[in-house]
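Each value in this text was obtained by applying a stated rule to the coordinates, not by laboratory testing. Predicted, not measured: the structure shown is a model, and the values here were computed from it. Quick reminder, even Gly has a Cβ in these numbers, built from the backbone with ideal geometry, and neighbours come from all protein chains shown.
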Amino acid sequence: MPNIDQVKKLREETGVPMMECKKALEKSNGDLEKAKKFLREKGEEVSGKRAGRTAGEGIVASYIHSNNKLGVLLDLRCESDFVAKSEDFKNLGHELCLQIAAAKPDYIREEDVPEEVLKEEREVILKQHKDSGKPEEVLEKIVEGRIRKMKEETVLLMQPWVKDDKKKVADLISEKVAKIGEKVVVHRFQRFEI
């Protein structure tokens, strides 16, 4: 049986309702990290169930840095007007704007990376290692590792969250989905910098 301090700590760290935190801690025998993983997986499960549903509501979130030389506009969608007006959803929009401002992603999802970009990256990596004398299978692993790293740097949902690099941005969204119970979609964003 988890104690109230553990439940409060998990709630503070994830924003998920107290009863859900209590259930997660019970399932993980009081292990905070396992409970967080369980909540993320639950969020992904809720997302999966809602994948076919339409995210026709939402907000345009914005962020302007204090020097007025950096700004972000984000189109974030959900299923209902009720959720779109909620503090949790607005906070998620704000967090994603901060992420985009700080981490400069080029794409939203992994599948958004154009095939030409991947092909060009592959060619560059192979040229860098062509005289290394390494076997083909080793070179292939190097290429795959470097492409994965490139995606983690340029794809918003694959980036480590700037406020907690143990989490990916996709995990942050999954946690919010578990809490609000609706599909959430990053529809588009634009980053401006002078």
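Would you order Met18, Met158, Met150 from fewest to most other beta-carbon atoms within 10 Å of each residue's own beta-carbon? Mind dumping the intermediate values first?
On the way: Met18 12, Met158 19, Met150 15.
If I rank by nearby Cβ atoms, fewest first, I get Met18, Met150, Met158.
For segment 114-153, how big is Rg over Rh, using alpha carbon atoms and the Kirkwood form of Rh? Numbers along the way, then the final one.
Numbers: Rg = 10.1 Å, Rh = 10.4 Å.
Computed over Cα atoms, the ratio is 0.98.
Taking every DSSP beta bridge that has both residues in the chain, what percent is antiparallel when rounded to the nearest 5? Before the final figure, lay out the partial values.
On the way: 18 of 19 bridges.
Within the chain, antiparallel bridges account for around 95 percent of the total.
Report P(r) for the chain: all Cα-Cα distances, bin width 10 Å, range 0 to the bin holding the largest distance, values in whole percent.
9, 29, 30, 20, 10, 2, 0
Taking only C-alpha pairs under 8 Å that are 6+ residues apart, what is the relative contact order of the chain in percent?
30 percent
Pulled fully out, how much extra length does the chain show between Glu123 and Asn3, if you take 0.36 nm times their separation in residues and subtract their Cα-Cα distance? Walk me through the numbers before you get to the answer.
Numbers: separation 120, 0.36 × 120 = 43.20 nm, distance 5.49 nm.
37.7 nm is the gain from fully extending Glu123 to Asn3.
Arrange the following residues from fewest to most other Cβ atoms within 10 Å of their Cβ: Lys168, Lys34. If you can, show how the numbers build up before the last one.
Working: Lys168 19, Lys34 14.
If I rank by nearby Cβ atoms, fewest first, I get Lys34, Lys168.
How do Thr54, Thr154 rank when sorted from fewest to most other Cβ atoms within 10 Å of their own Cβ? Write down the numbers at each step before the final one.
Values: Thr54 10, Thr154 18.
Ordered from fewest to most neighbouring Cβ atoms within 10 Å, Thr54, Thr154 come out as Thr54, Thr154.
Once you list every other residue whose beta carbon is under 14 Å from the beta carbon of Arg146, what net charge do they have if Lys and Arg are +1 and Asp and Glu are -1? Before the final figure, lay out the partial values.
Numbers: positive: Lys119, Arg122, Lys127, Lys134, Lys141, Arg148, Lys149, Lys151; negative: Glu120, Glu121, Glu123, Glu140, Glu144, Glu152, Glu153.
Computed value for this residue: +1.
Helix-only mean residue ellipticity at 222 nm, the chain, DSSP H runs n ≥ 4 weighted -39,500 (n - 2.57), per residue, nearest 500. What is it? Before the final figure, lay out the partial values.
Numbers: 8 runs with 106 residues, N = 194.
Helix-only estimate at 222 nm: -17500 deg cm²/dmol.
Take the Cβ-Cβ distance between Val60 and Glu137 as r, set R0 to 35 Å, and report the resulting FRET efficiency rounded to the nearest 0.05.
Rounded to the nearest 0.05, the efficiency is 0.15.
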